[in-house]
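The values are calculated or read from the model by the stated rules, or taken from the named source; none is laboratory data. Predicted model only: the values in this text are computed from it and were never measured. Every residue, glycine as well, gets a Cβ built from its backbone with ideal geometry; the counts of neighbours run over all protein chains shown.
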Amino acid sequence: MSESVLMRPAVLRSGQGKTRPEGDRSFLAKGVIVLLGLALLATMLFSLTAGASDASVIPVISALVRGASSDNNVLSLRDSIIIWDIRLPRIILGAMIGASLAVSGAVMQGLFRNPLADPGIVGVSAGAGLGAVSVIVLGGTVLAPFIATFSLFALPVAAFIGALVFTLILYAVATRRGQTSIATMLLAGIALGAMAMAYIGLLTFLADDRQLRDLTFWTLGSLAGSNWAKMATAGPFIVLALLVSPFLGRGLNALALGEASASHLGIPVQRFKRVAIIVVAAATGASVAVSGGIGFVGVVVPHLLRLVIGPDHRYLLPASALLGASLLLLADAVSRTIVAPSELPIGIVTAAVGAPFFLWILLRRRGIVDL
Amino acid sequence: MISLSDVSVVLGRKAIIKEASFNAQAGALTVIVGPNGSGKTTLMRALSGDLPFTGRITINGHPLGHLKPWQMAAMRAILPQSTSLSFPFTVREIVRLGLTSGRSGATHDVAENLPDEALALVDLAGFGRRFYQELSGGEQQRVQLARVLCQVWQPVLDGQPRFLFLDEPVSSLDIKHQLIIMQIAHAFATRGGGVIAILHDLNLTSMYADRVVVMHGGRIDSVGTPAEVLTDDRILRVYECALKVGALPDKHVPFVLPQSAVM
């Protein structure tokens, strides 16, 4: 399948006796997307077998192929539970969250015309966390009607609302006449993050012991406790955001020229920005609701890809989704095995790798970015 | 035809454009001139649909307020004064953005090669793989022109003329490329499209403009052919600078006019 995709332009080329135009990276980008797709499949299979419990590759795959109710007792009951109820939901959810973190970063960077914009860095994740923590702590009292209305979906919906409100505030503060000031955006992000942390701190103070345990997990970021139920509640938000994102590519490319020029090219800019902001908020809100604050995936993944395939968002968005999913699964595999049988919160792994990378981006851009 | 009647623009509390009225015909190169701060760019932004205005602007008879962005994108393309980018796009990727609305007018198989043709037209053949951010200001300006040309490649589409709005298209260019760009604009007009350009160079204006719109203090001072409009007393009044039209400098003082170009 990958071969046919790679071959098609070559056939056209020989037919016309022409070489591919200089500076057109779409061919390369399509090839990279295919490779990233294959890499994600490999990573998922690898993750299925990696962990504190030893379950080797072949029985796992044959169990997957035959289904859970297979008569063939290749897997013990214990292994079967580990694979089906612990690892598989965690891997699928981890891939979805990695994809949504990377895509929300890429969309936000395109929207703000700024490669440093990332929901984690500019406080949007903190806003989502504030929404989620509010539901956890106040769900029995003040927010009881909210829980009653959204039942199982209360947590992702609250995180979505928090992310949406924070994105809108950030946009209102940092953007004037379609131009975003990088310095204002980062400073506004610091203020928003601090504000959210203050409220989260206050809520922590009000929380009881059981709630405290839940809260600790937000601050570190973890995929532990992933299960099919969480996927059912947060999944729709993520899937929706991921499905809409490919349609944002053309508009984000035009927006790179500035809002006025994008509009002159035929993009309905105001409506487009609203859709993009909702996609960012949905992806960020849902992933924070499930896993807490996992940082730096949204800034590292699109940046790496821009170095290879360029900034064309028609390819950058799907490539970011695939690479984000793979990288988060690898980080999760590290977090599950490095201190086995215990496990490290994944947020620690991504921050340990991502933060120095972020500094490196800053160093490289110091000359160009006018702060 | 693009038609303005009684167009006024207020930014903040200040009236920037006051009751501007003129027509820009298809098939003609209309040049807007005037001193700094006379409202040229603001008028262009109102024409482009970027600013709220009172009065009436129509493109081929359609009132501006009634058109959707993609409908306007099929009727006119706009070259801004300068464009900075924050992502590492190649030159070809930027030029290709001109095809966003999909109404270049070129047939499908030609459309894919349009960016390269447009680059060759603005004298940037072979620049496709270069990074936009690495180019000089003048080269960036020509890349943007190539992008804009892709958007309205055919000056007439479905029997309707299309328009190019150029805001100081030659301001950062050397003399050779000033002439090339003005030739492109001229050719677009002779092939049936309309061009509205803001220029500071009165010699180029005189050389290429079919009609000149002189702006002064937010008002249209006068409209006419270069010969009608470029007069000593008007230049003194509008530019507050006593210049003599057609006067030669002293002997032995070299001067170079674009009119002397052998094209």
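Numbers at a glance
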{"quantity": "Among (1) touching a Cys at 6+ places or on another chain (Cβ under 7 Å); (2) at the interface with another protein chain (Cβ under 8 Å from one of its Cβ atoms) - the single one B:GLY126 does not satisfy", "calculated": "(1)"}
{"quantity": "Selected residue [within 20 Å of A:VAL290 (Cβ to Cβ) and touching a Pro at 6+ places or on another chain (Cβ under 7 Å)] from A:SER125, A:SER134, A:SER151", "calculated": "A:SER125"}
{"quantity": "Matching helices (runs of 4 or more DSSP H) fully within the range A:118-176 where at least 2 residues are surrounded by fewer than 21 Cβ atoms within 10 Å (Cβ to Cβ), aliphatic (A, V, I, L, M) and free of Cβ contacts under 8 Å to residues at least 24 places away in the same chain", "calculated": "A:144-150, A:154-174"}
{"quantity": "Boolean, A:VAL301 is in contact (Cβ under 8 Å) with a residue 12 or more places away in the chain, under 26 Å from B:PRO80 (Cβ atoms) and either at the interface with chain B (Cβ under 10 Å from one of its Cβ atoms) or not hydroxyl-bearing (Ser, Thr, Tyr) (or both)", "calculated": "no"}
{"quantity": "Residue ID - nearest to B:PHE127 (Cα to Cα), chosen from residues in the range B:93-107 that are at the interface with chain A (Cβ under 7 Å from one of its Cβ atoms) and part of a helix (DSSP H, G or I)", "calculated": "B:GLU93"}
{"quantity": "In the range B:64-77, the residues that are in a helix (DSSP H, G or I) and more than 7 Å from chain A (Cβ to nearest Cβ)", "calculated": "B:LEU64, B:GLY65, B:HIS66, B:GLN71, B:MET72, B:ALA74, B:MET75"}
{"quantity": "Any helices (runs of 4 or more DSSP H) falling wholly within the range B:108-191 and containing at least 2 residues that are basic (Lys, Arg) and within 20 Å of the chain's Cα centre (by Cα)", "calculated": "B:137-151"}
{"quantity": "Output for the range B:78-92, where each listed residue is within 7 Å of another protein chain (Cβ to nearest Cβ) and either more than 17 Å from A:LEU255 (Cβ to Cβ) or at pLDDT below 95 (or both)", "calculated": "B:PRO80, B:THR83, B:LEU85, B:SER86, B:PHE87, B:PRO88, B:PHE89, B:THR90, B:VAL91, B:ARG92"}
{"quantity": "Qualifying residue in the range B:193-205 (condition: over 19 Å from B:LEU121 (Cβ atoms) and free of Cβ contacts under 8 Å to residues at least 24 places away in the same chain)", "calculated": "no"}
{"quantity": "Tally of residues being in a loop (DSSP other than H, G, I, E, B) and either in contact (Cβ under 8 Å) with a residue 24 or more places away in the chain or on the phi < 0 side of the Ramachandran plot (or both) across the range A:263-298", "calculated": "8"}
{"quantity": "Set A:LEU323, A:LEU304: member being surrounded by 24 or more Cβ atoms within 10 Å (Cβ to Cβ), among the aliphatic types (A, V, I, L, M) and within 23 Å of A:ALA42 (Cβ to Cβ)", "calculated": "A:LEU323"}
{"quantity": "Hits in the range B:68-122 (condition: among the β-branched types (Val, Ile, Thr) and either without any contact (Cβ under 8 Å) to a residue 12 or more places away in the chain or out of contact with any His (no Cβ under 7 Å at 6 or more places or on another chain) (or both))", "calculated": "B:THR83, B:THR90, B:VAL91, B:ILE94, B:VAL95, B:THR100, B:THR107, B:VAL110, B:VAL122"}
{"quantity": "Those residues of the range A:135-162 which are out of contact with any Phe, Trp or Tyr (no Cβ under 8 Å at 6 or more places or on another chain), modelled with pLDDT under 90 and of a type in the set (Gly, Ala, Ser), in sequence order", "calculated": "A:GLY140, A:ALA144, A:ALA148, A:SER151, A:ALA159"}
{"quantity": "Of all residues making up the range A:223-262, the number that are part of a helix (DSSP H, G or I), more than 14 Å from chain B (Cβ to nearest Cβ) and either in contact with a Lys or Arg (Cβ under 9 Å, 6 or more places away or on another chain) or hydroxyl-bearing (Ser, Thr, Tyr) (or both)", "calculated": "3"}
{"quantity": "Residues of the range A:306-340 satisfying the condition of being among the small types (Gly, Ala, Ser) and assigned to a helix (DSSP H, G or I)", "calculated": "A:ALA319, A:SER320, A:ALA321, A:GLY324, A:ALA325, A:SER326, A:ALA331, A:ALA333, A:SER335"}
{"quantity": "The listed residue being small (Gly, Ala, Ser) and within 14 Å of chain A (Cβ to nearest Cβ), out of B:GLY12, B:GLY27", "calculated": "B:GLY12"}
